[in-house]
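See below for the structure under consideration.
The values are calculated or read from the model by the stated rules, or taken from the named source; none is laboratory data. For clarity, every value in this text was computed on a predicted model and none was experimentally measured. Quick reminder, even Gly has a Cβ in these numbers, built from the backbone with ideal geometry, and neighbours come from all protein chains shown. The protein model used for the area step is the full one, side chains on, heavy atoms only, and it has no ligands, DNA or RNA in it. Shrake-Rupley method; radii C 1.70, N 1.55, O 1.52, S 1.80 Å.
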Amino acid sequence: MSKKQATTKKAKDQPALTREETGELEMIFDRLAVQAPGGESFEGYLKSLCNSLSARPILAAALIDRLSRNPSPTGFRTFQALEGILGASPYRKSAKQAAYRFSQKGFTAAGEKSSPEKVVLIRDEHRNAVAHLFHVKGAMWIVSALVPEASTGSYALVTAFLEDDFPTFNVRVVESATRKLYKEYLQMLSSHALRRGADVPLRHAAGLFFEMLDFWTGKGSYAHLERGRDIFARYHEPGARPYVYDLMAGIEHPEQFFDEVEIQRLLEDMDLSWLKFGKEELAPWHEKLKELDNPLLVVPREILAERSLQLIRNAGDNLCAGTKRRLFRRFFEEQAMLFKLTDVEDKARWAWIIACDLAGESPAGKNPVVSRLIMDWMNFYWHEDFREAGETVERERRTESGIILP
């Protein structure tokens, strides 16, 4: 066969696409490149793809032809989903050729492949996958994992963290990673961490990923996020309790142990910006506190202090509720876990007392950390008021009846 005849035959075998269709094919191919065959979003995407290509067999044939020339589990699963579209079309020959190419690389229809091999692959992934957690200033949690990919024989390195006070969710996936690269990456994270990180079960790392996705206030998606979602979905156990509950026994009536907690030592070296109370939500409570500190009649300082404390507690009950309370609880559960895993037993105990209290139904305002942070944020926003509070008594003039004069 002449070179011209071979070229003509090859061109004839491949579907001819317009420029627009070629561009569309590239977009589909790029989307498939970041999909995992076992991912939650993949099957949904395939259904959508089948619907959109059901009346466009030429584009389906071109996609199948290209996928079969570089076989992969994702490509084979896509081929299986689209094969029916070509069954009654002029391009059914393309489906047969694609099936042959896939079979040459070991990809065959379900039932022809032995189930024991699948079980071995799944066990192998679970045995070799590793995950770590770090606390780094500016990020809520940094979760990283090295996960083996059966389709390539290599690893995917995925890392995820929230930053910028919840609107930014950073997810990055490095394909074809190595254990050496992962080790170097962990060393880099350690150099920025507030304290030593720890290895955690994959199911816990997966749970943190989906929790951060839930706390995320941003919108939309992007390829790395979807790829990270697919990877962690393999190990996610919805409804499972955080790993710290496997490490530490629950505490009944944790409020009885508040006196043990050394608040200052516990909170040092923590990035508390994630436990923020906004200026607007604190403003009404700040005004009430100012009114207490400037009464028309003289009030004994002991009574004034008690009233101020009760007001702070009421603010905590009101503001640390719902999602905010869950955030506080999860923050200190993770702190307790990391302290425990790094052998900082006293702080692990203190953080666990705080977390167990927030996990219950007791008023949030009575929690010493919540009330402390309410006061700290007020001091941050209205520093001058707090600085001068101690000087007020010295400057005041009172009549014999106790009325304060300017």
(request) Keeping to the stretch 145-155, report how many residues are over 16 Å from L213 (Cβ atoms) and buried (at least 22 other Cβ atoms within 10 Å of the Cβ). (result) 3
(request) Answer yes or no as to whether A205 is surrounded by 13 or more Cβ atoms within 10 Å (Cβ to Cβ) and not in a strand (DSSP E or B). (result) yes
(message) Quick test for you: out of Y222, Y235, pick the one residue that is under 23 Å from E333 (Cβ atoms) and among the hydroxyl-bearing types (S, T, Y).
(response) Y235
(request) Search the stretch 258-280 for residues being open to solvent by 60 Å² or more (accessible area, probe 1.4 Å) and in a helix (DSSP H, G or I), and hand back the single one that is nearest to N367 (Cα to Cα). (result) D259
(message) Being touching a residue at least 60 places away in the same chain (Cβ under 8 Å) and part of a strand (DSSP E or B) is the filter here; which residues of the stretch 165-184 pass it?
(response) V173
(message) open to solvent by 40 Å² or more (accessible area, probe 1.4 Å), more than 30 Å from G360 (Cα to Cα) and free of Cβ contacts under 8 Å to residues at least 12 places away in the same chain: is that true of G239 in this structure?
(response) no
(message) If I ask for residues that are open to solvent by less than 40 Å² (accessible area, probe 1.4 Å), under 13 Å from F258 (Cα atoms) and assigned to a helix (DSSP H, G or I), which ones from the stretch 366-381 would you list?
(response) P368, V369, V370, S371
(request) Considering each of A233, A348, A336, A283 in turn, give the residue that is farther than 30 Å from H132 by Cα and open to solvent by less than 60 Å² (accessible area, probe 1.4 Å). (result) A283
(message) closer than 28 Å to L275 by Cα, without any contact (Cβ under 8 Å) to a residue 40 or more places away in the chain, open to solvent by 60 Å² or more (accessible area, probe 1.4 Å) and within 13 Å of the chain's Cα centre (by Cα): is that true of D214 in this structure?
(response) yes
(message) Can you say whether S362 is open to solvent by less than 60 Å² (accessible area, probe 1.4 Å), part of a helix (DSSP H, G or I) and touching a helix residue (DSSP H, G or I) at 6+ places or on another chain (Cβ under 7 Å), as far as the supplied structure shows?
(response) no
(message) Anything in the stretch 340-358 that is under 21 Å from the mean Cα position of the chain (by Cα) and modelled with pLDDT under 95? List them, or say none.
(response) L341
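Rundown of residues vs (1) more than 30 Å from F102 (Cα to Cα); (2) in contact with a strand residue (DSSP E or B) (Cβ under 8 Å, 6 or more places away or on another chain), yes/no style:
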| residue | (1), (2) |
| --- | --- |
| V136 | yes, yes |
| A145 | yes, yes |
| N170 | yes, yes |
| T178 | no, yes |
| E226 | no, no |
| E237 | yes, no |
| R241 | yes, no |
(request) Filter the stretch 312-326 for residues that are among the aliphatic types (A, V, I, L, M), surrounded by fewer than 23 Cβ atoms within 10 Å (Cβ to Cβ) and under 19 Å from E255 (Cα atoms) and give the result. (result) I312, A321
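Please pick out the residue among R227, R203, R195 that is of a type outside the set (D, E), within 16 Å of T342 (Cα to Cα) and out of contact with any Cys (no Cβ under 9 Å at 6 or more places or on another chain).
Exactly one residue qualifies, and that residue is R195.
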(request) Considering each residue of the stretch 185-201, count those that are touching a residue at least 60 places away in the same chain (Cβ under 8 Å) and open to solvent by less than 20 Å² (accessible area, probe 1.4 Å), and give that number. (result) 3
(message) Here's a check for you: in the stretch 38-55, which residue that is surrounded by 17 or more Cβ atoms within 10 Å (Cβ to Cβ) and not hydrophobic (A, V, I, L, M, F, W, C) is modelled with the highest pLDDT?
(response) Y45
